[in-house]
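Engineer: One structure, pasted below without further comment.
The values are calculated or read from the model by the stated rules, or taken from the named source; none is laboratory data. If you're wondering where the values come from, they're calculated on a predicted model, not measured in any experiment. Counting neighbours? That spans all protein chains shown, and the Cβs are built from the backbone with ideal geometry, glycine included. These area figures cover heavy atoms from the full protein model, side chains too; ligands, DNA and RNA do not enter into them. Shrake-Rupley method; radii C 1.70, N 1.55, O 1.52, S 1.80 Å.
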Amino acid sequence: MAQRRDKFTRGWWFILPGLILMVAVVGTPLVLGFSYSLQDVFLYAFDKKTFVGLDNYRRAFADPLYVNALRITAIFTLGCLVLSVGFGILIAFLLNARQVRLRPIWLALFLIPFVMTPIVGGIAWKFFIWHQDTGVINMISAAFGGPKPYWLLDRETALLAATISNSWHLIPLAVLVFYAALTTIPDELHEAGRVDGAGPFQSLWYIVLPMLRPHILFVSIIIITSAFREFDMIWALTGGGPGRSTTVLSIFAYNRGIANQDMGMANTIAFTMFIIMSVVAWLYITIYRRTGGQDT
């Protein structure tokens, strides 16, 4: 018993430096952000703080602009989740097919968007895809006599364009995880499906998707947390406009903290994002365990 206790104590000494670093890097900003959310504090005047308790939270939830930003964030996150997981599974399934040649090259090409920084990707999409005159989509549309809409300047299409652009950045992560998972599925299952007359899409629905369920949950929480706090891609594309149609919570917090210099409200918005993501993470862990994810 004493020997086991000594091993346990020795193990703590090994993880203590990393634990201290994590608490300092993550815990300190978290505590400071929460303390500022309880105060009336402005940019360039941090020495003149006034404690207001939960008044900032009451103001935030009563603000229609905050509610709108929360709604936009939820739509944006859900859109990124559906597109990223859907196309990630489809692309990984196609890459795993036996008929595919030059598979390593295709995998490398599909991973390029993931290693590109979101701000660079946003600028590229803005000028080469969505631009009215130089964008590929409008050039193809014009070639067939179609319209040339202002994708990023129209309230009806700006959020859709931002969602598609950000999904392009997240899909490679899903492809990488799902492709690795597909390689672990025994070939006997696919052979049995083909013997029973299952085509490619029947195999995808009845064989692949059930086997990928834990991996889908894992990828989903990564995509949700990434899309929910996304700033760079949307800022490069629209800056939150037009007319706040793409103002997600991260941009809303930036506007409150920098443009309005209200750092108390900015930290309040940021902390509500942290709370929402904590709840989502807790739900994810609960579902993951109940579906047997710990055994994969």
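Engineer: Hull surface divided by four, with the convex hull built on the Cα atoms of region 206-251: how many nm²?
Structural biologist: With every direction weighted equally, the projected area is 4.3 nm².
Engineer: Divide by every residue of the chain the summed helix terms, -39500 (n - 2.57) for each DSSP H run of at least 4, and state the resulting mean residue ellipticity at 222 nm, rounded to the nearest 500 deg cm²/dmol.
Structural biologist: Estimated from H runs of four or more residues: -22000 deg cm²/dmol.
Engineer: Turning to a different aspect of this structure: How many percent of the alpha carbon pairs in region 56-133 exceed a separation of 18 Å?
Structural biologist: The proportion of pairs with Cα distances above 18 Å equals 66 percent.
Engineer: Given N residues in region 133-179, what is Rg(Cα) / (2.2 N^0.38 Å)?
Structural biologist: Here the answer is 1.48, to two decimals.
Engineer: What residues qualify as long-range amide H neighbours of residue 39, i.e. H under 5 Å apart, gap of 5 or more or another chain, H built at 1.01 Å from N?
Structural biologist: 52
Engineer: Here is a further query. Just need the relative contact order of the chain here, percent rounded to a whole number, with Cα pairs under 8 Å and 6+ apart.
Structural biologist: 28 percent
Engineer: Taking a ≥ b ≥ c as the square roots of the eigenvalues of the Cα gyration tensor of region 78-205, is the shape rounded (a/c under 1.5), prolate (a/b larger than b/c) or oblate?
Structural biologist: prolate
Engineer: Let me ask something else. Using the crude model of +1 on Lys and Arg Cβ and -1 on Asp and Glu Cβ, and no other charge, please compute the dipole size for the chain relative to its Cα centre, in debye to 20. Mind showing how you got there, number by number?
Structural biologist: Values: 22 positive and 16 negative charges, 104 e Å.
The dipole of the chain has a size of about 500 debye.
Engineer: Shifting gears a bit: Evaluate the distance, in nm, between pseudo-label points positioned 7 Å from the Cα of residue 205 and of residue 58 along their respective Cα→Cβ axes.
Structural biologist: It is 5.4 nm.
Engineer: Taking square-rooted eigenvalues a ≥ b ≥ c of the alpha carbon gyration tensor, is region 1-139 rounded, prolate or oblate, where a/c under 1.5 means rounded and, failing that, a/b exceeding b/c means prolate? Walk me through the numbers before you get to the answer.
Structural biologist: On the way: a/c = 2.59, a/b = 1.20, b/c = 2.15.
Judged from the Cα gyration tensor, region 1-139 comes out oblate (a/c at least 1.5, b/c at or above a/b).
Engineer: Here's another thing I want to ask about it. So how long is each side of the chain along the principal axes, counting just the alpha-carbon atoms, biggest first, in Å?
Structural biologist: Rounded to whole Å, the extents work out to 79, 74, 31 Å.
Engineer: Given a cut-off of under 8 Å on Cα pairs at least six residues apart, what relative contact order in percent is computed for region 35-104?
Structural biologist: On the way: 29 pairs, mean separation 12.0, N = 70.
Once normalised by length, the contact order is 17 percent.
Engineer: Roughly how many percent of the accessible protein surface of the chain is carbon and sulfur, given a 1.4 Å probe and a whole-percent answer?
Structural biologist: 70 percent
Engineer: Where the only charges are on Cβ atoms (+1 Lys, Arg; -1 Asp, Glu), what is the dipole of region 159-296 about its Cα centre, to the nearest 20 debye?
Structural biologist: Working: 7 positive and 8 negative charges, 95 e Å.
In total the dipole reaches around 460 debye.
Engineer: Rg to Rh for region 135-287: what is it, with Cα atoms only and Rh by Kirkwood?
Structural biologist: 1.11
Engineer: With every protein chain kept in place and ligands, DNA and RNA left out, what is the accessible area per residue of the chain? Probe 1.4 Å, answer in Å².
Structural biologist: 59 Å²
Engineer: For region 1-150, what is the relative contact order in percent, using Cα pairs closer than 8 Å and at least 6 residues apart in sequence?
Structural biologist: Answer for region 1-150 is 7 percent.
Engineer: Top mean-square fluctuation among 79, 264, 145, Gaussian network model of the chain, C-alpha springs under 10 Å?
Structural biologist: Maximum among the listed residues: 145.
Engineer: Right, next: What are the chymotrypsin sites (Phe, Trp or Tyr not before Pro) within region 69-152 that DSSP puts in a loop, where the Cβ has at most 12 other Cβ atoms within 10 Å?
Structural biologist: Those satisfying the criteria are 144.
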